[in-house]
Amino acid sequence: MKPTVVIAYPPFGDLQIEQDILQRLGGTVLHFPGTHSPEAQAAMQMADAVMVTVQPVPADLIGRLERCKLICRVGTGLDAIDLDAAARRGIWVTYVPDYSIDEVSTHAICLLLAQARGIPQLIASTRAGQWNNAAAGTVYRLNGQTLGLLGCGRIGQAVAAKGRGLGLRVIAHDPYMDDQSIRAVGVEPVDFTTLLRTSDFISLHTPLTTASRHSINAASLAQMKPTAYLINTARGPLIDEDALLHAVRVGQIAGAALDVLTVEPPAPDNPLLHEPRILVTPHTAWYSEAAKVDVRVRGAEEVVRVLNGEPPRAPANRIAQS
């Protein structure tokens with residue numbers, strides 16, 4: 001029987017890239033803009049592979065997938081897919097861990113620089129008809145300041161390299177890496193408390209898990225320097241946003257720059273969008289034209305690989321092999 005692949009995400013303009021690759025299977029490709037509709041769920045129930053981006057694939061849905069061999073996350077974060085439920089059903093979950101590394105790391109550094117130099121305040125001042133080189137308030141020399149990374153994987157390491165190029169001292173805490181591995185990539189390993197207390201900028205590059213959810217909370221924010229900035233290009237729920245807003249408003253920290261939020265898109269009255277010392281960009285750190293192609297190609301190629309009986313290139317779970 002020829003395989004059926006369900007693409008369950010809105011198209012990136014079109015689906016030509018995915019279709020060109022998936023046609024190698026000689027089967028059927030069905031498209032739905034998400035995983036919620038009865039039509040999508042009925043199609044997924046009989047599919048051999050399902051492709052998603054940020055769409056949820058919970059345990060109850062996985063339990064109804066009768067023929068599925070693979071759930072392909074066309075991206076990096078895996079918090080929307082129940083990995084254990086998939087493993088129990090013998091379904092691979094794969095992802096694309098090696099795309100947009102340059103894009104996300106560059107975006108993190110851009111947010112750092114925007115806060116460090118007060119760029120939004122300076123632009124707002126000149127647009128208001130002022131010519132005031134002090135409109136950003138106190139600005140400190142960047143060279144010699146400390147960049148702390150929570151997470152030192154592929155993207156964290158790219159941020160570290162770019163940060164060192166700016167003259168920053170780079171430290172990192174990563175519960176998934178030993179100190180020797182962190183030192184091997186030119187970064188100083190520290191414990192979480194030292195990261196909080198020492199860093200002038202803290203950039204988050206850790207996956208969202210039960211343990212990491214709200215790892216930046218009232219207690220951790222209280223340990224940061226009052227001149228420090230928090231940067232998040234990873235996952236919104238890593239931060240307790242109410243605690244962050246309070247910390248910025250009372251001056252516990254100098255500000256934050258966020259590309260991800262707990263709820264996306266946010267409500268127009270979300271106070272994070274209206275706090276001058278918090279910059280928010282619309283989950284765009286991953287994006288470039290090249291990255292948009294890379295993730296689709298690698299995701300579709302993974303589907304072809306697994307449905308042809310080959311092992312996945314980037315598995316996110318483990319299943320028993322017969």
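The values are calculated or read from the model by the stated rules, or taken from the named source; none is laboratory data. Keep in mind the model is a prediction, meaning the values are calculated, not measured. As a convention, Cβ positions derive from the backbone with ideal geometry for all residues, glycine included, and neighbour counts pool all protein chains shown.
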### Message
Yes or no: the range 187-207 includes at least one residue that is of a type in the set (S, T, N, Q), in contact with an Asp or Glu (Cβ under 9 Å, 6 or more places away or on another chain) and in a loop (DSSP other than H, G, I, E, B).
### Response
yes
### Task
Filter the strands (runs of 3 or more DSSP E) completely within the range 1-95 down to those with at least 2 residues that are aliphatic (A, V, I, L, M), at pLDDT 95 or above and surrounded by 14 or more Cβ atoms within 10 Å (Cβ to Cβ).
4-8, 28-32, 49-52, 70-73
### Task
Filter the range 271-303 for residues that are closer than 25 Å to T4 by Cβ, among the aliphatic types (A, V, I, L, M) and surrounded by fewer than 19 Cβ atoms within 10 Å (Cβ to Cβ) and give the result.
V293, V297
### Message
Is it the case, given these coordinates, that T210 is more than 15 Å from the chain's Cα centre (by Cα), surrounded by fewer than 15 Cβ atoms within 10 Å (Cβ to Cβ), more than 23 Å from C110 (Cβ to Cβ) and in contact (Cβ under 8 Å) with a residue 24 or more places away in the chain?
### Response
no
### Message
Of everything in the range 267-303, what is in a loop (DSSP other than H, G, I, E, B), under 18 Å from T76 (Cα atoms) and in contact with an Asp or Glu (Cβ under 7 Å, 6 or more places away or on another chain)? Give them in sequence order.
### Response
H283, T284, A285, W286, Y287, S288
### Task
Please specify each residue of the range 99-136 satisfying the condition of being under 19 Å from E275 (Cα atoms), outside any helix (DSSP H, G or I) and under 31 Å from the mean Cα position of the chain (by Cα).
G118, A136
### Message
Quick check on this structure: which one of V295, V263 is closer than 28 Å to E241 by Cα and not charged (D, E, K, R)?
### Response
V263
### Message
Report every pair of residues separated by at least 6 positions or lying on different chains whose Cβ atoms are under 6 Å apart, first residue within the range 169-186 and over 15 Å from S199 (Cβ atoms), second surrounded by 13 or more Cβ atoms within 10 Å (Cβ to Cβ) and polar (S, T, N, Q).
### Response
V185/Q157
### Message
Kindly evaluate Q157 against the criterion of being over 19 Å from A257 (Cα atoms), in the same structural domain as Q115 (by TED's automatic domain parsing) and surrounded by fewer than 18 Cβ atoms within 10 Å (Cβ to Cβ).
### Response
no
## Note on the structure
The condition of being more than 21 Å from Y95 (Cα to Cα), hydrophobic (A, V, I, L, M, F, W, C) and in the same structural domain as L122 (by TED's automatic domain parsing) holds, among L208, L238, L244, only for L244
### Task
Would you point out the residue of the range 304-322, among those that are assigned to a helix (DSSP H, G or I) and among the β-branched types (V, I, T), that is surrounded by the fewest Cβ atoms within 10 Å (Cβ to Cβ)?
V304
